[in-house]
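Data block below; observations after.
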Amino acid sequence: MNHGFREKIVERSLKLSLVILAGIAIFSRSEPVWAMTPPSICQISDLRLSPSGRFVYAPLNWYNLVLYDVSCLKSQPWDACSPLVVATKSDLGFLGFAFQDQDKYVSFYSRATNESGLATSTILAEKVAIRPNKNNADYERKEFPSGVHSDGNALGYLVLAKQFRYQNIERFFRATSTALKLADQHHTYNSAANARDIFGFASADQYFIFKRDNAFRVTAFAKNTNGRPQDLPGIAFDRDDLPSFAIDGNDAIMATLGSVIRVSPQGELTSDSSGRPRARLIDTGADDQYVGYFTNDAIIPATRDPFLSSLAQRVDGSGKYLAHVTVLPNRKLAVVSFLNNLPATDSGALSYRHEIQSNNEVVSIDCGKSQNFTFSIQRLSSRRSTWVKSFSTSGATDTVLFLHGGPYRHEEPTTSTALRYFLAHGLNVNVIEFGGQNYTLETAQLLSSGGYGSLNADARDVEAYSRAFLNPARTHLYATSFGAHLFTRLSPGFVNGFRSLVLDLPSGTIAPDLNNDTPTISAMNRQIMGDEIIIGNLDNAYFAALKDCPISRRAMIIYNDEDDRVFPEADYATCAGSDGVEFIEDVVGHNTSPLQAGFDSQVFEHYARILKFMRR
């Protein structure tokens, strides 16, 4: 092994030990902005309709709602319509909100605080009058004991019904608290539930709560289960995913990561329409209306409703990236939001465009420069949930085949600086949505038994797709973070056929995750790279090194000396000295703080260096 890289491995392991000894840093939420300047309507990603259709609105920062009058938007240019901001007075932001009385009022529900500013077991209910022409709105405030322990966050991800009436809140929270306590008693993996581990939909009359443990197993609780929880092993939540919910009759409808699932009050899984990536429910403004769901390229109605069918025909296959859909219960009005423009760096403002659609007219809220890409989704295999999201730019000659990080099954363009940068600089980008079962419980079982079924199958899909649709002489393979695990399952003959290869902070060696050292992650750490990897144990990190370098063409391998999550200079040490393989140390890493001065310019330089390498 190269002597310089051996020194770096030892130095990195010492740094990792210091990180482990230092413990976990705790980050606090920034102060809420009470008197905010509302953003342009073109910067709102999910414009929604209020129940009566009087307003389009969007929740902002869990503290504010910004509203626009629909009649004004229909009759005047959008920039002539003044926005109205309605805010909660809670220091912690709202858990939920509801429009009431034909959209004359908004009720906010939040956790009350004590004199020290800490959350208490009391629920704060606020009723605020919407008065566009007056500064001083009517205001009511009530407090209710919730029965939830004061230091718990578990209510953070409960979705309160849009038609929720705060007169019923005390009865509801007492019932919900009982279910949450049952959830904690049922599973031992996460007895002190983190906020991200409790999901659910709740109204005054019924509730469905889903508890996910550290092995990503899901248990359902409903009002009619009589305290008997029901395991739902068929459901897997990604660690960063927030499912969307609706009540349809006596069942709960939930959408998350491509799956649209119906759950009965007995906690039984009654249907599962899985497949398409990143499904979300259509917002109806009503609790008992499940009308369908949408993905980033299509609307899928649940019934043969003429209005929804017409809406779907106007949207499907349009080349636009669908961000949000709201349809009123009477099926006479809808608002659809599209991603319009992607700036190259985080400092640029994302742009969205919106359409307010009725049976006889479409009102477009045109936000300047049109979409700088056309978008489509293609399934790679009829047997698995492996897809490609294609972003095409006008005049592009080269394509980036993008293996994203994770382990997730999606890469949102609004949060991916790499994807945005490549598009803004004239490259087509094909993002592989890999991970047929979320790389969670099922994958852990495969790995623990020595199998690599999910990764191998995805790799075969990627190779078949690329050979059918891409010109390798004009395509660059870009794998970042967890995407490098998929890279290791691709055949050497395939990866060495591309114009260039970039491994950007590639995973291989995985340090212990102080926050999430789950059975799944542990199985991944030790086995996911396969039989041709030597795995040792040095200072509590899983160090891996390829026996033979799989790269025989022009390649860039990027590492960060301060990064305590990935160790590519160790994993790919056998590639050091190979013709055309460059090891580049960069200031950008997994644990680079986005709050530090100059971060955006550093990220810009990071991708500029990659692009320059690709275009040699």
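Please determine, by comparing only the residues of the stretch 574-611 that are in a helix (DSSP H, G or I) and open to solvent by 70 Å² or more (accessible area, probe 1.4 Å), which one is modelled with the highest pLDDT.
Within the stretch 574-611, the first condition is being in a helix (DSSP H, G or I), and the residues that meet it are 574-575, 599-611.
Within this subset, residues satisfying the condition of being open to solvent by 70 Å² or more (accessible area, probe 1.4 Å) are 604-605, 609.
Details: Phe604: 84, Glu605: 87, Arg609: 93.
Among residues in the stretch 574-611 that are in a helix (DSSP H, G or I) and open to solvent by 70 Å² or more (accessible area, probe 1.4 Å), the one modelled with the highest pLDDT is Arg609.
Looking only at residues that are free of Cβ contacts under 8 Å to residues at least 40 places away in the same chain and in a loop (DSSP other than H, G, I, E, B) in the stretch 472-496, which one is surrounded by the most Cβ atoms within 10 Å (Cβ to Cβ)? It would help to see each step written out before you state the result.
At the first step, the residues of the stretch 472-496 found to be free of Cβ contacts under 8 Å to residues at least 40 places away in the same chain are 472-473, 490-491, 493-494.
Add one more test, that the residue is in a loop (DSSP other than H, G, I, E, B), and what stays is 490-491.
Values: Leu490: 22, Ser491: 12.
Once the filter is applied, the top-ranked residue is Leu490.
Taking the stretch 299-328 as the search range and keeping residues that are open to solvent by 20 Å² or more (accessible area, probe 1.4 Å) and in contact with a Gly (Cβ under 6 Å, 6 or more places away or on another chain), which one is nearest to Thr374 (Cα to Cα)?
Per the criteria, the residue is Ile300.
Going through the stretch 77-129 one residue at a time, which ones are touching a His at 6+ places or on another chain (Cβ under 9 Å) and among the aliphatic types (A, V, I, L, M)? Step through it out loud before you land on a result.
Filtering the stretch 77-129 for residues touching a His at 6+ places or on another chain (Cβ under 9 Å) gives 78, 121.
Listed by number, the list is empty, since nothing qualifies.
Give the stretch 364-406 a look and list any residue that's at pLDDT below 90, within 19 Å of the chain's Cα centre (by Cα) and of a type in the set (S, T, N, Q), or say none.
Passing the criteria: Ser385, Thr386.
Yes or no, residue by residue, for (1) at pLDDT 70 or above; (2) of a type in the set (S, T, N, Q); (3) more than 25 Å from Arg48 (Cα to Cα):
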| position | (1), (2), (3) |
| --- | --- |
| Asn214 | no, yes, yes |
| Ile247 | yes, no, no |
| Ala255 | yes, no, no |
| Thr270 | yes, yes, yes |
| Thr284 | yes, yes, no |
| Asp288 | yes, no, no |
| Phe294 | yes, no, no |
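Go over the candidates Ile521, Ile534, Ile551, Ile557 one by one and state the one that is part of a loop (DSSP other than H, G, I, E, B) and either open to solvent by 10 Å² or more (accessible area, probe 1.4 Å) or at pLDDT 80 or above (or both). Spell out the reasoning first.
Details: Ile521 fails: part of a loop (DSSP other than H, G, I, E, B); Ile534 fails: part of a loop (DSSP other than H, G, I, E, B); Ile557 fails: part of a loop (DSSP other than H, G, I, E, B).
Among Ile521, Ile534, Ile551, Ile557, only Ile551 is part of a loop (DSSP other than H, G, I, E, B) and either open to solvent by 10 Å² or more (accessible area, probe 1.4 Å) or at pLDDT 80 or above (or both).
Could you figure out which of (1) closer than 30 Å to Arg331 by Cβ; (2) open to solvent by 10 Å² or more (accessible area, probe 1.4 Å) isn't true of Thr120?
(1)
Could we say that Asn296 is in a loop (DSSP other than H, G, I, E, B) and crowded, with 22+ Cβ neighbours inside 10 Å here? Give the derivation first.
Details: in a loop (DSSP other than H, G, I, E, B): yes; crowded, with 22+ Cβ neighbours inside 10 Å: yes.
For Asn296, the condition - in a loop (DSSP other than H, G, I, E, B) and crowded, with 22+ Cβ neighbours inside 10 Å - is met.
Using the structure shown, decide if Ser50 is modelled with pLDDT of 90 or more, within 29 Å of Leu339 (Cα to Cα) and touching an Asp or Glu at 6+ places or on another chain (Cβ under 7 Å).
Details: modelled with pLDDT of 90 or more: yes; within 29 Å of Leu339 (Cα to Cα): yes; touching an Asp or Glu at 6+ places or on another chain (Cβ under 7 Å): yes.
Taking the combined requirement at face value, the residue satisfies it.
Counting only residues that are open to solvent by 60 Å² or more (accessible area, probe 1.4 Å) and under 16 Å from Val106 (Cα atoms), how many does the stretch 54-94 have?
So the first thing to find is which residues in the stretch 54-94 are open to solvent by 60 Å² or more (accessible area, probe 1.4 Å), and the list is 54, 61-62, 71, 74-79, 82, 89, 91.
Next cut, under 16 Å from Val106 (Cα atoms) only: 54, 62, 89.
Within the stretch 54-94, residues that are open to solvent by 60 Å² or more (accessible area, probe 1.4 Å) and under 16 Å from Val106 (Cα atoms) number 3.
The values are calculated or read from the model by the stated rules, or taken from the named source; none is laboratory data. On a predicted model such as this, the values are computed, not experimentally measured, just so you know. Neighbour counts are summed over all protein chains in view; Cβ atoms, including those assigned to glycine, are modelled from backbone coordinates with ideal geometry. Only protein heavy atoms, including side chains, enter the accessible area calculation; ligands, DNA and RNA are left aside. Shrake-Rupley method; radii C 1.70, N 1.55, O 1.52, S 1.80 Å.
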